[in-house]
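The values are calculated or read from the model by the stated rules, or taken from the named source; none is laboratory data. What you see is a predicted model; the values in this text were computed from it and never measured. Glycine also receives a Cβ, built like all others from the backbone with ideal geometry; neighbour counts cover every protein chain displayed. Areas reflect the complete protein model, heavy atoms only, side chains present, ligands, DNA and RNA absent. Shrake-Rupley method; radii C 1.70, N 1.55, O 1.52, S 1.80 Å.
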Amino acid sequence: MRAHIITYGCQMNEYDSHLVASELVSLGWELVDSVEEADFVLVNTCAVRGKPVEKVRSLLGQLRKEKERRGLLIGMMGCLAQLDEGQQMAKKFGVDVLLGPGALTSLPEALKANERFWDLTFREDVLDYIPPPPKGALSAHVTIIRGCNHHCTYCIVPTTRGPEVSRHPDLILKEIELLKQAGVVEVTLLGQIVNLYGRHEFPKLDGKSPFVQLLEAVCAVDGIERVRFTSPHPIGYRDDLIEAFSRLPK
């Protein structure tokens, strides 16, 4: 069986698409470069602005024609899938598999189902999953925190990605170690408010926030030469983080 993934939106969506791609490969699927070659097309959606939503609507219309013509299996994931608008769209265009951002690890179960499969829950095992390193890459993304507890008027992320929850540092460092072994020299740590990492799950040590502790640990990985992070927020900048810029050259 052959699958094709189409991704819209942010770096976190790109990371999630890589996660799902690795899951498909582990299940014996072959990844292909076009809709025409695929038996299953999975669309990773964005709902931050109107333009990517309209792109998804247009794409699903095209995929429905392919489904009617040759029985194509259609999947939809990402932020739009979590919203009523996306679910109505999925019904209209005959989407077979619908997964919210917190339900990506339901994919194996979805593909085994002989009927429409929708999962919009926020599963804890999404945090535990470590995708294999991208082949031939010098730079890679690593998600360290998912969701958000702030309900800013203009932002839909808390609705689509759920409450703020951080991954365990041991899992993050294990993933980075695998990336280093595969030749990656630059990592970008991802989160909705990335510099609030671990504030509910892990304690401060010696006046350092969990995020600064994680930065120190990542910078200590021999072979990783540059460490980036996005998206930060002023609310997460404290003296310990500002001071870390002066003493962590990576």
Considering the range 47-71, residues that are among the small types (Gly, Ala, Ser) and surrounded by 12 or more Cβ atoms within 10 Å (Cβ to Cβ), and then whichever is farthest from residue 36 (Cα to Cα), we arrive at 47
**Report entry** Filter result for residue 116 (open to solvent by 40 Å² or more (accessible area, probe 1.4 Å), farther than 24 Å from residue 215 by Cα, without any contact (Cβ under 8 Å) to a residue 60 or more places away in the chain and in contact with an Asp or Glu (Cβ under 8 Å, 6 or more places away or on another chain))
**Finding:** yes
* So is residue 139 among the polar types (S, T, N, Q), within 20 Å of residue 219 (Cα to Cα), within 18 Å of the chain's Cα centre (by Cα) and open to solvent by less than 30 Å² (accessible area, probe 1.4 Å) or not? -> no
Here, helices (runs of 4 or more DSSP H) confined to the range 138-250 with at least 3 residues that are closer than 20 Å to residue 128 by Cβ are 169-181, 210-219
Residue hits (the range 220-250; under 18 Å from residue 204 (Cβ atoms), touching a Ser or Thr at 6+ places or on another chain (Cβ under 7 Å) and open to solvent by 100 Å² or more (accessible area, probe 1.4 Å)) are 238
request  = Inspect all residues belonging to the range 48-71 and state whether any of them is of a type in the set (Gly, Ala, Ser), within 14 Å of the chain's Cα centre (by Cα) and over 18 Å from residue 192 (Cα atoms).
outcome  = no
